[in-house]
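Below you'll find the structure, written out as C-alpha cells, and then a few comments.
Values in this text are rule-based calculations from the coordinates and carry no lab data. Here the structure is a predicted model, which is why all the values come from computation and not from measurement. Neighbour counts run over all protein chains shown; Cβ positions are idealised from the backbone, glycine included.
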Amino acid sequence: MKVLLLTGLGALFFAYYWDDNFDPGGLDYLVLNHIGGAPAGTRARSPQATRWLMQVNFVSYVQLTSRALPSLTDSKGSLVVVSSLLGRVPTSFSTPYSAAKFALDGFFGSLRRELDVQDVNVAITMCVLGLRDRASAAEAVRGVTRVKAAPGPKAALAVIRGGATRAAGVFYPWRFRLLCLLRRWLPRPRAWFIRQELNVTAAAAA
C-alpha cells in the first residue's frame, strides 16, 4: 500500500516538482492536508492575501489531484481532502480563507460526480474540521474568536477513519454536521449568533 500525505508548504513545492521527484505508480491514498494561513481580520482580505491563499489552499490541491488521479484510478484508491468548517459555513473576518475552502468543496464535489457517472472507483473523502489546538492556528485567531480548539490527534484519527472506510464526508467535532445542516435551514444567521463566537472589535481592527 502506498500512501502520500502532503502537509505544510512543502506540498506547494511538491505540486510543481512532482514529475522530477516522485513516481505516483501504485498510489492507494492521497491525503491533502496543507494550508496557507492568514491572520483573521479585515486586512487579510487584500488581493495579495487572497491570491496567496487560493494558490496554497485550492490551486495546489487541484494540481496534485490531477497528477495523482490516473494512479488512484488504476488502484481504485482514495483521495482524502482535509478542509474546514469555513468551507461550508462562512463567518466574519475570514474572507479569503473561506473562499478557498468553499472552492475545495465545489471542485471535489463536482469531481466526485464526474467519477461516479464514468464508473471510476476512486473514493473522495471531504473532511470538515474546526479549529485545532496547533500553535500557528491559535496565534492566527488570538483575541478574535472564542471558539475552543479541538484536540489535533482526535481530529487526525477522524480523518484516518474516514479515509479507511471511504466515507464521503468526515465532520469533527461531530456537531459540525448539524451546523452544516442548519445553514441550509437558516442561511442568513443574525449578527447576534456571530457575536457569540467572535470578538468583533478586535477582528475589525486587525
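Under 5 Å between amide H atoms, partner at least 5 residues away or on a different chain: which partners does S84 have, H built in plane at 1.01 Å?
The answer is L129.
Using a Förster radius of 45 Å, what is the FRET efficiency between T73 and S46 based on their Cβ-Cβ separation? Nearest 0.05, please.
Using R0 = 45 Å, I get an efficiency of 0.70.
Can you give the extra length, in nm with one decimal, that the chain gains between W174 and K154 once fully stretched, where that is 0.36 nm per residue apart less the Cα-Cα distance?
6.1 nm
Return the distance in nm (one decimal) between the two label points of a simple spin-label model at L182 and T165, each offset 7 Å from Cα along Cα→Cβ.
Here the modelled spin labels are 2.4 nm apart.
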